[in-house]
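The values are calculated or read from the model by the stated rules, or taken from the named source; none is laboratory data. Note that this is a predicted model, so its numbers are computed, not measured. Methodologically, a virtual Cβ is constructed for each residue, glycine included, from the backbone with ideal geometry; neighbour enumeration extends over all protein chains shown. In case anyone asks, the SASA skips ligands and DNA or RNA and just uses the protein heavy atoms, side chains included. Shrake-Rupley method; radii C 1.70, N 1.55, O 1.52, S 1.80 Å.
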Amino acid sequence: MSVGIDRLAAYVPAYVLPMDALAAARNVPLEKLTHGLGVREMAIPPPCEDVVTLAANAGARLLRAAEVDPGEIGLLLVATETAVDHAKPVGIFVHDLLGIGVHCRVFELKHACYAGTAALMTAVDWVRAGRGGRRRALVIAADVARYELGSPGEPTQGAGAVAMLVQHDPRALQVSEESGVWASNVYDFWRPLGRREALVDGKYSIECYLDALAGAFGAYRSRERPALEPDEALVDRLAYCLYHVPFPKMAAKAHRRLVELDWRAAGVRWREVEPRLDEAAAASYDAQVAPTIEAVARVGNTYTASLWLCLASLLERTGRPLGGRRLGLFSYGSGSCAEYFTGVVPGSVGAVADGGLARLLAARTTIDIDEYERCIGAADAGGEPPASFAGDFVFRGVRNDRREYGRVAAEAAA
Ligand code: CAA
């Protein structure tokens, strides 16, 4: 029985800050940000957008594109590490804004950037447990990544959401039944209660990510079916390798680690490739990873949504020729939990590949450093949408400790 993602829709905030503006303001060489980290632009929410509206706007775009009646959704999962309340989940605001019916299980998931994958796997299991019934789940990963202004983490901020429709006979990605997981209690990245900006031990977080990748990938590799021949590499069975991408250079570090592990485990293959390892790993990166990170370089870190933004971007960029190809996917959440799994893109992908992401990216308003800092300071203020706003819903502000949301005029929504 094939279960997975039938369709994805992404949503990114209305504002974008180019890296040259940040580099000049912080007196950092631009090449450090564009080459050292691989970031080109950072998505910035205006005061009228928060994690709830990002999630709801992605969900609305998905339900509209898929022509799904919200009443059909029996499970709504919102994954985020940008919670707006200690008790009330982001998902219940989204449930209301999208007009989903009362007979729906709704909850929020948290495990840093891993929660989007945790939500997807939970939804896939829920659909499978329906034993052939027409269960449909809506999974939304949404986040606003924030670090201290002027800190090394600042250029790796971003914001966005990806909504996924999970069901039988999916057209975008059939999720593998096997996966490899890895969990370990580490303090690499965290956000104590009451803080808006994350705390991070940056260099250590990169080591933790790579250790978790080795652990999860090793666990998956031994479960691969049909089993790998002694000289066979798993990456040779994959068309593309997708990663959680906090900044694009991290995907290069991750892929370098993964192919080395994979090739080392494949005897003859390793002896062939070892003398030219850097060159072979770089060629594999160019072919199997670079095409997946275009959107991330223009949006920044979206935490739980990052891996799924890569998938949405790859589907939109490649479309129908992806049909029948197999993908490897790696999810990492600090703290930490990681999962490696694979998926096959069905032949019918051409009908669902266009998520409108390129149009959203092109429609954004470019802001300067003063406007960026004003947005950071006004993050809980709410407000009116800017002219370039492409969403359905806005955040109006907090009154009496309650968050208020509204729908923009129908003609303003893209
Ligand atoms: N031109 C070109 N490249 C340059 C340069 C220049 N002038 N100056 C420096 N660089 C390169 C460096 O060589 C380095 O590249 P390598 O890693 O390939 O050696 C790169 O730019 C970064 O420079 P630094 O090593 O000086 O690092 P930094 O102090 O700027 O910090 C960071 C980088 C640790 C990633 C920091 O941005 C950070 O803390 N980010 C947030 C944490 C994070 O994203 N961690 C990732 C793993 S955890 C995770 O994935 C979960 C999550 O989403 C947070």
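Accessible area per residue (1.4 Å probe, heavy atoms of protein chains only) ranks D85, D392 as D85, D392, with the largest value leading. In the stretch 3-412, the DSSP beta bridges split such that about 70 percent are antiparallel, to the nearest 5. The simple spin-label model puts a point 7 Å past each Cα toward its Cβ; for A379 and E148 those points are separated by 1.5 nm. Label sites at R223 and R264, each approximated as a point 7 angstrom past Cα along Cα to Cβ, lie 2.2 nm apart. Taken about its Cα centre, the stretch 205-332 carries a charge dipole of about 360 debye when Lys and Arg each add +1 at the Cβ and Asp and Glu each add -1 at the Cβ.
The modelled label-to-label distance between S2 and T365, using points 7 Å beyond Cα along the C-beta direction, is 4.4 nm. For the stretch 143-149, backbone phi angles converted through the Karplus equation (6.51, -1.76, 1.60; θ = phi - 60°) give residue-by-residue couplings of 7, 10, 8, 10, 10, 4, 4 Hz, Gly and Pro being listed as x. In a simple Cβ point-charge model (Lys, Arg +1; Asp, Glu -1; nothing else charged), the stretch 33-164 has a dipole of about 620 debye relative to its Cα centre.
Work out how much length R276 to A387 would gain on full extension: take 0.36 nm times their residue separation and subtract the Cα-Cα distance, in nm to one decimal.
Values: separation 111, 0.36 × 111 = 39.96 nm, distance 5.20 nm.
Length gained between R276 and A387: 34.8 nm.
Centre-to-centre, using Cα atoms only, the stretch 121-185 and the stretch 215-290 are separated by 23 Å.
Residues whose amide H comes within less than 5 Å of that of Q157, counting only those at least five positions distant or on another chain, are N301 (H built at 1.01 Å from N in the peptide plane). On full extension, the segment bounded by R399 and A83 gains 112.0 nm, given 0.36 nm per residue less the C-alpha separation. Remark: the Cα gyration tensor places the chain in the oblate category, a/c being 1.5 or greater and a/b not exceeding b/c. If only the Cβ of Lys and Arg carry +1 and only the Cβ of Asp and Glu carry -1, the dipole of the chain around its Cα centre is close to 720 debye. Protein-only accessible surface at a 1.4 angstrom probe places the residues K110, K88 in the order K110, K88, largest first. Along the axis of the charge dipole computed for the stretch 3-412 (Cβ charges of +1 for Lys and Arg, -1 for Asp and Glu, origin at the Cα centre), the listed residues H95, C113, T318 are led at the positive end by H95.
With a cut-off of 15 Å between beta carbons, the residues surrounding D236 carry a summed charge of -1, where Lys and Arg count +1 and Asp and Glu -1. Comparing L258, P230, L37 along the charge dipole axis of the chain, the residue lying farthest to the positive side is P230, per the Cβ-charge model.
In this structure, the amide hydrogen of L109, modeled 1.01 Å from its nitrogen in the peptide plane, lies closer than 5 angstrom to those of V78, A79, T80, counting only residues at least 5 positions away or on a different chain. Computed from phi, the 3J(HN,Hα) profile of the stretch 130-136 under the Karplus parametrisation 6.51, -1.76, 1.60 (θ = phi - 60°) reads x, 6, x, x, 8, 5, 10 Hz, with x in place of Gly and Pro. In terms of accessible area, using a 1.4 Å probe and ignoring ligands and nucleic acids, M42, M1 rank largest first as M1, M42.
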